[in-house]
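Take a look at the structure set out below.
The values are calculated or read from the model by the stated rules, or taken from the named source; none is laboratory data. Since we're looking at a predicted model, the values are computed, not measured. Ligands, DNA and RNA are stripped out before the accessible areas are found, and what is left, the full protein with its side chains, is counted by its heavy atoms. Shrake-Rupley method; radii C 1.70, N 1.55, O 1.52, S 1.80 Å.
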Amino acid sequence: MLIAIEGIDGAGKRTLTEAIAGLLAGRGLTCAATSFPQYGRTRAARGVQELLNLGPEELARIEPREAAAWYALDRFESRGLLAGLRAGHDVVLIDRWIASNIAYQRARAPVAEGPGLEAWILELETGLYGLPVPDATVLVATPETAAADLIRRKGGRDYTDKAFDALEANRALQARVLATYHDLAARGVLGRWIVLHPVRDGTLRPPADLAAEVVAALLP
Ligand SMILES: Nc1ncnc2c1ncn2[C@@H]1O[C@H](COP(=O)(O)OP(=O)(O)OP(=O)(O)O)[C@@H](O)[C@H]1O
Ligand SMILES: Cc1cn([C@H]2C[C@H](O)[C@@H](COP(=O)(O)O)O2)c(=O)[nH]c1=O
């Protein structure tokens, strides 16, 4: 089973991935987890890293299709790694997948270009590159303000020395990305979605609680 974990920057994807892996292991399933971009492991991830360290004006000059192509190529270069993980485990969890590319590039593009851009990314990644569609995609629907607070709690990252990278720093963009994710989930783009609401009554739910909701949906 291939499960993608999606959400805006700082939504809690990595934390949830680890919690789900722990619960699945407790049920006797073998589980592997990886994340995209594959920083330090693919040539394309170097291109991504360069993008994320640009200033806001420079980033705005990068066409959404150019940015999308770097991310897609990172996944294409990683297809052997993913196939190996899937062959050796019952469940493979991936922190970000193709839906990230659609949500972020659509949010960066003029609204009228969104449908064409989405179709182009899907054709490139699932068509030309033959990348797999997950069995389910989990949307960690943390609101933008809560996610910004969580990014501040993070330690250093290996791809940037900034507290907020070029995409994280743009809060209006993050809000548009979240709205685009909800739209993808409602339309079932890339198959089945499970939508999680980590903030309840103004408080973050514990990761174990969120993970239990996902596992109950996956293995009823
Ligand atoms: N449910 C939660 N309750 C409390 N703290 C959380 C929760 N989820 C995540 N955190 C904390 O928030 C911070 C960001 O979480 P995490 O790294 O999982 O986010 P992310 O979505 O993977 O981020 P990014 O997109 O930037 O890689 C971490 O310090 C993590 O410990
Ligand atoms: C995989 C992928 C990612 N992005 C965006 C989303 C984030 O802002 C950055 C990097 O991701 P990280 O989780 O912060 O390391 O890139 C994207 O636009 N398209 C993608 O396919």
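Miscellaneous remarks
- Amide H contacts of S35: D95, each under 5 Å away and 5 or more positions distant or on a separate chain (H built 1.01 Å from N in the peptide plane; Pro and chain starts excluded).
- Shown are R108, R43, R86, whose ranking by accessible area with a 1.4 Å probe and every protein chain present, most to least, is R43, R86, R108.
- Net lengthening on full extension, E63/L122 (0.36 nm per residue, minus Cα-Cα): 19.5 nm
- Counting 0.36 nm for each residue step from K162 to Y129 and taking away their Cα separation leaves a gain of 8.6 nm.
- Candidates A208, A112, A33: whichever shows maximal mean-square fluctuation once the chain is modelled as a Gaussian network with Cα springs under 10 Å: A112
- Coordinate range of the alpha-carbon atoms in the chain per principal axis, descending: 48, 41, 34 Å.
- Gain upon complete extension [N53, L81; 0.36 nm per residue less C-alpha separation]: 7.5 nm
- Relative contact order of the chain, defined on C-alpha pairs under 8 angstrom at six or more residues apart (%): 34
- When shorter helices are ignored and each DSSP H run of at least 4 residues is given -39500 (n - 2.57), the per-residue value for the chain at 222 nm works out to -15500 deg cm²/dmol.
- The stretch 7-88: C-alpha gyration tensor shape, a/c 1.5 cut-off, then a/b vs b/c: oblate
- Most to least accessible of R200, R14 (protein chains only, probe 1.4 Å): R14, R200
- Ligands, DNA and RNA excluded, the heavy atoms of W120 present near 90 Å² of accessible surface to a 1.4 Å solvent probe.
- The chain, accessible surface, carbon-and-sulfur percent (1.4 angstrom probe): 54
- Global form of the stretch 92-220, assessed from the alpha-carbon gyration tensor, a/c cut-off 1.5: oblate
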